[in-house]
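Have a look at the structure below before the remarks.
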Amino acid sequence: MDENNSSEYQFIKETIKERPLNKKKVLTRVIMIIICGLLFGAVSAGVFILTVRQYLSERGDGIDPVNIPRDEEMVSADEEPEEKPEENPGDVSEEAPEEVTEEASGEEPEQEENGVSGNAAGEGGESGEESSKEASSEEGSADNAPKKIVSYNITEHVSLSVEDYKSLYRTLKGVATEVGRSVVSVTMVVNDTDWFENSYEDSNTVSGLIVANNGKDLLILAEMPATDEEMELSVTFADGATLPGEVKQDDPDTGLSIISVPLSSISDDTKKEIKEAELGNSRGSNIVGLPVMALGAPLGIQGSQCFGRTTGNQREISLPDKNIHVLSTDIYGSENASGVITDYDGNVIGIISGDTFMDDMPNLLSGYAISDLKGIIERLSNGSSGCYLGIYGTDVTPEINEKEGVPLGLYVTRVALDSPAMSGGIQSGDVITRLGTANISSLSDYSDQLMKYQPGDEAVITVQRYSQGEFQEMTFEIDFGKAGEAVEELKGADTNR
C-alpha cells in the first residue's frame, strides 16, 4: 500500500530556487546608505564645528585668555591717611640736658645760677643748702610743665661732580635698557603700483610694546596707520632678531593694534633677551611732575631716548563709548614719534600717539594714559572686536548731583549719527544708570560693562531723562554694533574737566 501511495504521488515535486539578485535595487540601497551617511556626517561635523567654535571663542581661540588687572585711582599725598610721626633723631628728647632746651629757648641757663650758688655754698654753708633746695623744687615744678622740644634743621650743600652726573645717567641708561627689552620695532611693507603700473614698496616703522603672552603667541601693542592695502609685518626684538608677525585685532578709534608673533618661531636666545612690559598706574594727581623717560622712537628714530617730567593727566580725548586721558610731558620730540612713556621704576604709564599732541605744541610728547588702555589691550589681546553703541559722555560727579540734582551715572553729551544708541532711542542729556543688570555710576563702569557683550547682542539700557521738570526713568532695548562702525568720528576732540 505504501508503495502504491508513493508511486501515486511521485509526480509532485518541489524545488526551492533562490531569487535572482536585483543588482539595480541593491545599488540603489547602497547609494541611499552612502547619502544618509554623508548627511549624518555633515550634520555631526556642523554641530561639532559650532560647538568647538563657541568653546574656542570663549577660550580666546583655544589659548589662555589674557587678563590685565585694572587700576584704582591713586591717592594723592594730601589725601593720604595721617601716620604717627616717627621720632626724629634730630629732635631733643625728654632726656636731653635742660641746658640745651633753655639755651634754645633763649632763657638764661639754670646751670650758671646753680654754679654760682654752689660756689657760695662752698664759702658759707647754709646759703648753699638753701639754693640746692630751691633748685630741687624748681626741678620738680619743671617735671609738671610741658616738655620743650627743639628741632634742629641741618641743611647741607652738596656739590655734584662730573662723575656724579655720569653715574646718574648710567643708572638711567640701565633702567632704559631693561625697559627696552619689552620694546620692539614693527615694520610695515605695502606693495603697490603707481599710475604707470610700476610696482614699488612703501615701508613704515613704528615702535611696539610686548604686553602679553597667551601661551601660543607673543602679543605686541603698536599704533598702526590706517590702510586698506595688504601689508607684510616684521617685528625686530631687542637682540636684533626679526620675525614675521600679523595683526590679531585692531581698535579703529585709538588706532592701536595687537600684533601676534608665534612663540614657536622665537628662538630660546631671543626669549631670554625679551620680556613682557610692566604696566603702571597713570591715575591720580601725584602722577603730575613725575620724572619719566620716552623710549622707542620719541625722536622719530628707533632706539632714541629722552628724559623729562609729566605735566598733566586731566586732558581727555572723547571717543565713542569711552574717554581716554592724555598723559602729557615736557619732553621735546618728533611729530612722528612712537613708543612708550615710563617712570624711573620701569613701569609703562603712557603710549605715545600723535593723535594726543596739542596743536599749539606739536613737539611736546604726550600719549594715551595706560590705565585707560588696559581694558582695550585685554580685549584686543583676546581677539575681540568689541561692541559699539555710539555714546559720548562724561561722569555725573557727586558735586553736580548735589548742586544740580542730576542723577549719578553717565551723562550723555552726544549720540553719533545712525548709531545703535540713536536707533534705540538714546538722546543727549540722558543719564545712563543701568546697562543690562549692572548699575552704571561712571563712564568707566559703562565701558567695562560694554566689553562683556558681543556685536549683535541685545541689552536693556535704563536712563534718567529730564521731562516735565523732573528726571524720569526710561528703558530702551539696544542692539550692539561692532566697534569701529561710527559714521562720524570725533577722534582728537578734547574735553577738559
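The values are calculated or read from the model by the stated rules, or taken from the named source; none is laboratory data. What you are looking at is a predicted structure, and each value in this text was computed from that prediction instead of being measured. Because the Cβ atoms are built from the backbone with ideal geometry, glycine has one as well, and the counts that use them run over all protein chains shown.
Taking Ile426 as the residue in question, decide whether it is touching a residue at least 24 places away in the same chain (Cβ under 8 Å), farther than 25 Å from Asp71 by Cβ and among the β-branched types (Val, Ile, Thr). Against the criterion (touching a residue at least 24 places away in the same chain (Cβ under 8 Å), farther than 25 Å from Asp71 by Cβ and among the β-branched types (Val, Ile, Thr)), Ile426 qualifies.
Just one of the numbered conditions (1) assigned to a loop (DSSP other than H, G, I, E, B); (2) within 30 Å of Ile317 (Cα to Cα) is not true of Gly240: (2). Here Ile324 qualifies as touching an Asp or Glu at 6+ places or on another chain (Cβ under 6 Å), assigned to a strand (DSSP E or B) and either among the hydroxyl-bearing types (Ser, Thr, Tyr) or at pLDDT below 95 (or both).
Please enumerate the residues belonging to segment 182-219 that are assigned to a loop (DSSP other than H, G, I, E, B) and among the hydroxyl-bearing types (Ser, Thr, Tyr).
Correct list: Ser182 only.
Test Arg170 against the criterion of being among the basic types (Lys, Arg), under 30 Å from Asn313 (Cβ atoms) and crowded, with 17+ Cβ neighbours inside 10 Å, and give yes or no. Considered against the rule, which asks whether it is among the basic types (Lys, Arg), under 30 Å from Asn313 (Cβ atoms) and crowded, with 17+ Cβ neighbours inside 10 Å, Arg170 comes out as no. The selection criterion, being acidic (Asp, Glu), surrounded by 18 or more Cβ atoms within 10 Å (Cβ to Cβ) and either out of contact with any helix residue (DSSP H, G or I) (no Cβ under 9 Å at 6 or more places or on another chain) or assigned to a loop (DSSP other than H, G, I, E, B) (or both), holds for Glu378.
Residue-wise test of (1) under 15 Å from Ile258 (Cβ atoms); (2) surrounded by 12 or more Cβ atoms within 10 Å (Cβ to Cβ).
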{"site": "Asp164", "(1), (2)": "no, no"}
{"site": "Val175", "(1), (2)": "no, yes"}
{"site": "Arg181", "(1), (2)": "no, yes"}
{"site": "Ser185", "(1), (2)": "no, yes"}
{"site": "Thr193", "(1), (2)": "no, no"}
{"site": "Phe196", "(1), (2)": "no, no"}
{"site": "Leu219", "(1), (2)": "yes, yes"}
{"site": "Ala222", "(1), (2)": "yes, yes"}
{"site": "Pro225", "(1), (2)": "no, no"}
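Give just the number: which of (1) part of a strand (DSSP E or B); (2) under 26 Å from Asp251 (Cβ atoms) does Thr433 not satisfy? Unmet for Thr433, out of (1) part of a strand (DSSP E or B); (2) under 26 Å from Asp251 (Cβ atoms): (2).
Restricting attention to segment 291-320, the residues that are under 19 Å from the mean Cα position of the chain (by Cα) and without any contact (Cβ under 8 Å) to a residue 60 or more places away in the chain add up to 4.
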